[in-house]
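The values are calculated or read from the model by the stated rules, or taken from the named source; none is laboratory data. Everything quoted here is computed from the prediction, not taken from an experiment. All Cβ positions, glycine included, derive from the backbone under ideal geometry; neighbour counts span all protein chains shown. Side chains included, ligands, DNA and RNA excluded: accessible areas come from the protein's heavy atoms. Shrake-Rupley method; radii C 1.70, N 1.55, O 1.52, S 1.80 Å.
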Amino acid sequence: MKKRALVICPGRGTYNAAELGYVKTHHAARQDVIATVDAIRTELGQVTVSQLDNAAKYAPSVHMTGDNASALIYACAMADFAAIDRERYEIVAVTGNSMGWYLALACAGIVDLADGARLVNNMGGIMHQDGTGGQIVWSVVDDNWNMRPDKILFVQNLLAEARINSAIYVDISIRLGGMIVFAADEAGLKWLTERLPKDDRFPLKLMHHAAFHSPLLNHVIPMARAGNPVGDFGTGEIPAIDGQGRIWSPRAFSREAIYDYTFGAQLTESYNFTRAVQVAAAEFAPETIIVLGPGTTLGAPTVQALIASGWRGLSGKADFQARQQDEPMLISMGMAEQRAWVLS
């Protein structure tokens, strides 16, 4: 009997030095997927994802910028998605983090592989050229991945203070499991760096990231719509859960509605990855959660979101690790030892 699986798509910042060669290592048999993305890049005179992946050395100034990173991540993730054994896993829903929404659209069949590649490549280029502001990440959980009420209160008070300070813009960009990702203008980034308590590796300023999911990107909407026609969108084959926790069920919505969200609220309003995961888990009752590669950074936020909702009585990091030993509930395809569990 097939296992019910929820698929989660990665966002920006997941193809790092450790992922160099991901396509070459894992997807020799998925050259059709990679070739589709490469063809779109070639048409535009851009370096292909194959060339980027085959580079002798990882260069942050090349591999991490939006115009290159977005297409790289799309190619890796879509090849991973295509590699999942459908005889063993029934994919009941898809969601993603931030840019991962675009990948979820492709996985769900709302856009096809080529149109999804074009969308991701267009948006990566727009954000590289016209993005403004930045993002800072701060943890709000304890060592056992449970939410800390004192940190939640601190964030609430911090935002209240920021809203009455006309010299800065600061708000929540992404609710990412046990982390808050702040969006801010340049003055706000400096203010956050000074105000957020130092805790392990946090606060962490994200390199080559704009103030995603905030009004600072209002000017991007017309650019995004100009480069991505509504005709590329369909009504899908698999339910997709967006950054507001809304379910887009196949053939139960209009292409205009999902287009308006994708190139509207998805760009300028806070993205609640935590809620997306919680809704998907509650509504579709997956037996397994599969996180597509590249990278391994999305596993912890996914589990933290499930802990916060008490999914299947999950009580913390230690509980999760114990259950993973018995029968894995989360499979990260970015981990070589785990990806084999879902391949045909």
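Looking only at the stretch 13-21, decide whether some residue is open to solvent by less than 40 Å² (accessible area, probe 1.4 Å), without any contact (Cβ under 8 Å) to a residue 40 or more places away in the chain and assigned to a helix (DSSP H, G or I).
Step one: filter the stretch 13-21 for residues open to solvent by less than 40 Å² (accessible area, probe 1.4 Å), giving 13-15, 19, 21.
Within this subset, residues satisfying the condition of being without any contact (Cβ under 8 Å) to a residue 40 or more places away in the chain are 21.
Subset that is assigned to a helix (DSSP H, G or I): none.
No, the stretch 13-21 contains no residue that is open to solvent by less than 40 Å² (accessible area, probe 1.4 Å), without any contact (Cβ under 8 Å) to a residue 40 or more places away in the chain and assigned to a helix (DSSP H, G or I).
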For the stretch 182-189, check the following and say yes or no: at least one residue is under 15 Å from Gln266 (Cα atoms), touching a Phe, Trp or Tyr at 6+ places or on another chain (Cβ under 8 Å) and not charged (D, E, K, R).
yes
For a quick check of your reading of the model, give me the residue pairs whose first member lies in the stretch 32-45 and is over 12 Å from Leu72 (Cα atoms), whose second is basic (Lys, Arg) and part of a helix (DSSP H, G or I), with beta-carbon atoms closer than 9 Å and at least 6 apart or on different chains.
Ile40/Arg118
Residues (buried (at least 22 other Cβ atoms within 10 Å of the Cβ) and either more than 20 Å from Cys107 (Cβ to Cβ) or modelled with pLDDT under 95 (or both)) located in the stretch 296-305:
Val303, Gln304
Say whether the condition of being more than 30 Å from Tyr169 (Cα to Cα) and either assigned to a helix (DSSP H, G or I) or among the basic types (Lys, Arg) (or both) is met by at least one residue in the stretch 239-252.
yes
Being without any contact (Cβ under 8 Å) to a residue 60 or more places away in the chain and of a type in the set (S, T, N, Q) is the filter here, so list the residues in the stretch 59-106 that pass it.
Ser61, Asn68, Ser70
With respect to the numbered conditions (1) within 15 Å of the chain's Cα centre (by Cα); (2) over 30 Å from Val23 (Cβ atoms), which one is the sole condition not fulfilled by Pro301?
(2)
From the list Val291, Val230, Val277, pick out the single residue that is open to solvent by 50 Å² or more (accessible area, probe 1.4 Å) and touching a helix residue (DSSP H, G or I) at 6+ places or on another chain (Cβ under 6 Å).
Val230
